[in-house]
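Reading through the C-alpha cells given below for one structure.
The values are calculated or read from the model by the stated rules, or taken from the named source; none is laboratory data. Keep in mind the model is a prediction, meaning the values are calculated, not measured. Positions of Cβ are backbone-derived with ideal geometry, glycine not excepted, and every protein chain shown enters the neighbour counts.
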Amino acid sequence: MKFGLLVVAAVLVGAVAVVLLLAARKPDSFVVQRSAVIAAPADRIFPLINDYRQWTAWSPYETKDPQMKRTFGAVAAGAGATYAWEGDSNVGAGTMTMVESAPPSKVGIRLVMVKPISAENDVSFTLTPQGSSTAVTWAMQGVVPFFAKVIHVFFSMDRMVGGDMEAGLAKLKAVAERG
C-alpha cells in the first residue's frame, strides 16, 4: 500500500516538475495580431476605432454579454479617452485608456483587465492605406509573469484572443464598407 502511494506521489511530483519546466521555457512577453484589408479609406475607419462609443458596432466583446455594464469617461474619443466594462465570465471586467491617437493611422490603448485574471497589456490599431483600401492591424502585446506562463503551457494566447480579433475585424470591415 505504501509503495502505491509513493508511486502516485512520484508521478504527481514529476508532472508538476514537467509543467514548471515547460512554463520556465515560455517567452517573457507575447504578441497576438491580426490584419484585414477593408475597402474604405483610413479616414472612414479611424473614427470607428478612435471613439469608444463606436465600438458597440464592431467589437466582438460587445455581444458576448448583453447585460455588460459600460462606462465611458468624460472623454470617449482620442488620447485620454477611457472606457470601463463589467460583465460575465465571457468578458470579465477592466478598463481601456487611449494613450495614442494619430488620425488616421494609429490608435494605442492601455488595457487593464481586472477579471477573470489581472493583466495589463498594450493594444494598437494601425491603419495603412493600400490604394482605395486600408490594411487594419489589431495587435495586443504584454509581459508574461511566471504564473501566466504556467497557464500558457495549456492555453494559447493566440488561440484565445486571435479569433476574437478576426471576428472584430470582420465586423469593422462590414461597418466601414457600408459607410
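If you go through the range 115-127 one residue at a time, do you hit one that is under 27 Å from Ile38 (Cα atoms) and part of a loop (DSSP other than H, G, I, E, B)?
Filtering the range 115-127 down to residues under 27 Å from Ile38 (Cα atoms) leaves 121-127.
When the remaining residues are screened for being part of a loop (DSSP other than H, G, I, E, B), the result is none.
Taking every residue of the range 115-127 in turn, none turns out to be under 27 Å from Ile38 (Cα atoms) and part of a loop (DSSP other than H, G, I, E, B).
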> Among (1) in contact with a strand residue (DSSP E or B) (Cβ under 7 Å, 6 or more places away or on another chain); (2) within 12 Å of Ala176 (Cα to Cα); (3) of a type outside the set (Asp, Glu), which single condition is Ser35 missing?
Replying inline: (2)
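Condition check ((1) modelled with pLDDT under 80; (2) in a helix (DSSP H, G or I); (3) closer than 21 Å to Arg110 by Cα; (4) among the aromatic types (Phe, Trp, Tyr)) across all residues:
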position: Val7; (1), (2), (3), (4): yes, yes, no, no
position: Val16; (1), (2), (3), (4): yes, yes, no, no
position: Leu22; (1), (2), (3), (4): yes, yes, no, no
position: Val31; (1), (2), (3), (4): no, no, yes, no
position: Ser35; (1), (2), (3), (4): no, no, yes, no
position: Ala40; (1), (2), (3), (4): no, no, no, no
position: Leu48; (1), (2), (3), (4): no, yes, yes, no
position: Lys64; (1), (2), (3), (4): no, no, no, no
>> For the structure I just gave you, tell me whether Trp58 is of a type in the set (Phe, Trp, Tyr), closer than 25 Å to Lys26 by Cα and in contact (Cβ under 8 Å) with a residue 24 or more places away in the chain.
In response: no
